[in-house]
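Below is one structure, written out as C-alpha cells; comments come after it.
The values are calculated or read from the model by the stated rules, or taken from the named source; none is laboratory data. Because the structure is predicted, anything quoted here is derived from the model rather than measured. Every residue, glycine among them, receives a Cβ derived from its backbone with ideal geometry; neighbour counts consider all protein chains shown. With ligands, DNA and RNA removed, areas are computed over all heavy atoms of the protein, side chains included. Shrake-Rupley method; radii C 1.70, N 1.55, O 1.52, S 1.80 Å.
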Amino acid sequence: EGCPSVKFFLSLYRFQACVYFASVFQAMSCGIHYLASVFMAVTPNFVCGFPGNVSSVLFHNSSASSIEDIWTLWTSTENYIVVQLENGEIWELDQCSRSKREVSLDLAYEYKGNKSVFPCSDGFLYDDTKWKSTVVTQWDLVCDREWLAKLIQPTFMLGVLIGAVIFGDIADRLGRQRVIWFTSAGQFVFGIAVAFTFDYYSFVVVRFLLAMVSSGYLVVAFVYVTEFVGIKARTWASMHVHAFFAMGIMVVALVGFLVRTWWVYQIFLSIATLPFVLCCWMLPETPFWLLSEERYEDAQKVINTMARWNKVSTPCKVSELCSVQQDDLASGRTGDNDTSSTQKHNILDLFCNWQIARRTITVWLIWFTGSLGYYVFSLSSVSLGGNEYLNLFLIGAVELPCYVIACIAMDKLGRRNTLIPFLILSALICVLIMFIPQDFNILIILANMAGKFSIGVAFGLIYLYTAELYPTIVRSLAVGSGSMMCRVGSVVAPFCVYLRSVWIFMPLLLVGIMALLSGILTIMLPETLGKPLTNTLVEAIEMGRNKKSCSEKTSPAHSGAALEKIEMFGRETVSTDK
C-alpha cells in the first residue's frame, strides 16, 4: 500500500499543503532556539589568570612556553598548572584560586613549601581550541558565578511555560493568524537581539522573551495546522510538527559544528528561518476561528480561496456551515447534557471523583515524564563522549522515524497499548545504559538514541490520547493542564542534567523511575482507539469501567459536521491531479 507517511503528504490538497508546510517549517526555529544553549553555554577548561607575562609553563612532566599548549594534556578539573613569570614569581593556577610560592628557586610541579592563596582577581584563562567564545567565557560564568550559567536553560524553559499560556489565550481572542505573524517575527528579532546583548542579565531577559514567542508559535501552529487539514490526516499532521522541531535540533548540531563563536552562532541560527518571516503575512486566518467570531464574509473569502487553489468549482457557502452548526446545537440541547454543557468548569473537575482523579494524575505524570525524558536525553547528548555535534544530530534524527512508528502503532495497536511498552522500554534502556562501560562510546550513544526514540513515541501520542480520555466539557482543561505539566518537566530537565556532577547516572535513574511508574499506571487507563469522543464526565467514567459497551452507549460529538464540509474542499483535486 505504500509508506503511511507518504500517504499523509499525498492526502493534503494543494491549499492545505502550502499552508501546512509553510507553518511547520517555522517549527524548526522552535527546535533551534530550545536547544541552542547546549553549545552556546559550553564551559571549556579554564584556570585562574595570573598577574604578568609568563616565561614557562609546567603541567606534571610536560613543559611549554604558553598555556595554550597545555590544554591538550588537561584531563581533570582537579589538576593545576604551574607558571613562572618573567619577574621570577612562580604561581600554581587552579580553576577557582591561585597560589604564589614563597620560595621560587626551581621550577618544579611538586612543591611542599609555603604558599599564599589569592582569588582570581585577574580573570580566567579559557581553552579556546573548540569554542572561540561562549557566553560562559564572555562573562566569566564560572566558580562563584557558575550558578548563573546553570540558570540559562531553566529560565528559557520558564519563558516557554509562560509563553504557551499567554499566546494560547491571545490566539483564541485575536486569531491564529496574528499570533503566528507576531511570534514568527518575534523569533527572528529576539533571536538576533540575543547575539548583541551587552551583559548576562540582558542576555537572559532577551532569551526569556525569545522563549515566550517560540513557545507561543509552537502552540498556535499545532492549532493552526489541525484546523486546516482533514480529519483523516489530523493525527499525522500534528505528529509531523514534532518532526520539524527535531529537524531544528539537527540544524543546531550542524551550525554548532561550523561556527565556534557564540554570537555568530546565534545569528546563523536565527536567520535559518528568515524565509518564513518574509512570507508569513500571506497565511490566512482559519475559517473555524472566523466563524466562531461571526466574521462570515472573511470566512467566505478564505473558503473561496481554498476552493480556487484546490480547483473545486462549487465551494460551500458559510450559510450552509452556519445552518449545520445550528442544527447540531439544537440537537445537543434536546439531550440530557443541557446542564453540563452550559455550566462553567474548572481544574477541580479533573478530580471530581476517584476514577477521573486517578486518570488525571496518571496523564499528568506521563506529560511530565515525556518532557523530562525528552530534554534530558537531548541536553545530555553533548556529554556522552565522542563527537558532541554528531551526538546531538543523531539524537534529533532519531525522532523522525519515531513519530512515524508512533502514528502507525497508535492506529494499529491502540493508544494505551503503544504507550505502555514504550514507557517501560525507555525505563529499561535507562537502566541498561548504567551497565555499559564508559569507554564504549558508540554503544552508549546508540543506547541513548534508543532511549530518546522510545520516550519520543510516548511523548508524541500523549497529546491525542489526553484529548480522547476526557469529555468535551473538560477536554481543553485536560489538554491544557497536561501541557502545563509538560512545561514543568522541561523546566526541571536542565536541573536534572546538572545532577551528573553528583553521580553521572543520576539523570537516567530519575527518568527511568518516572518512566517505569508512568508505564505501570498507564495500565489502568482505558483504551480509546475506535471509540467516539465522550461528552460528559459520566460517559468518560463509563468508558473506563466498561470498555466493550462504551462505543455502543455513546454517540459521537455533533461538532464535526461543519468541519467535514470545509475539509471536503480538496476532494475533487484527486481526480484532477491524477
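Some observations on this one:
- Verdict on A211 being part of a helix (DSSP H, G or I) and buried (at least 20 other Cβ atoms within 10 Å of the Cβ): yes
- Being under 24 Å from S371 (Cβ atoms) and modelled with pLDDT of 90 or more is a description that applies to L210.
- Qualifying residue in the range 168-176 (condition: charged (D, E, K, R), touching an Asp or Glu at 6+ places or on another chain (Cβ under 8 Å) and part of a helix (DSSP H, G or I)): yes
- Residue check, L218 within 16 Å of M28 (Cβ to Cβ), free of Cβ contacts under 8 Å to residues at least 12 places away in the same chain, assigned to a helix (DSSP H, G or I) and hydrophobic (A, V, I, L, M, F, W, C): no
- Annotation note: Cβ proximity below 8 Å between a residue of the range 481-507 that is more than 18 Å from Q438 (Cα to Cα) and a residue that is among the basic types (K, R) and open to solvent by 70 Å² or more (accessible area, probe 1.4 Å) (sequence gap 6+ or interchain) occurs for no pair.
- Under the condition of being of a type in the set (A, V, I, L, M, F, W, C) and either at pLDDT below 85 or over 30 Å from F39 (Cα atoms) (or both), the residues counted in the range 109-130 number 2.
- Residue within the range 388-402 that is under 18 Å from the mean Cα position of the chain (by Cα), within 27 Å of G256 (Cα to Cα) and small (G, A, S) present: yes
- Among the candidates N417, N441, residue that is open to solvent by 20 Å² or more (accessible area, probe 1.4 Å), within 27 Å of G248 (Cα to Cα) and among the polar types (S, T, N, Q): N441
- Meeting the requirement of 2 or more residues that are modelled with pLDDT of 85 or more and on the phi < 0 side of the Ramachandran plot, the helices (runs of 4 or more DSSP H) wholly within the range 1-108 are 14-35, 37-40.
- Residue tally, condition aliphatic (A, V, I, L, M) and either open to solvent by 70 Å² or more (accessible area, probe 1.4 Å) or over 18 Å from Q95 (Cα atoms) (or both), over the range 122-180: 15
- Residues of the range 71-107 satisfying the condition of being of a type in the set (A, V, I, L, M) and open to solvent by 40 Å² or more (accessible area, probe 1.4 Å): L73, V103, L105, L107
- Boolean, P494 is assigned to a helix (DSSP H, G or I) and farther than 23 Å from I162 by Cβ: no
- Residues in the range 448-476 that are in a helix (DSSP H, G or I) and hydroxyl-bearing (S, T, Y) were compared, and the one that is surrounded by the fewest Cβ atoms within 10 Å (Cβ to Cβ) is S476.
- When the range 281-308 is filtered for residues that are open to solvent by 40 Å² or more (accessible area, probe 1.4 Å) and either acidic (D, E) or in contact with a Ser or Thr (Cβ under 9 Å, 6 or more places away or on another chain) (or both), the ones remaining, listed by number, are E293, E294, Y296, E297, D298.
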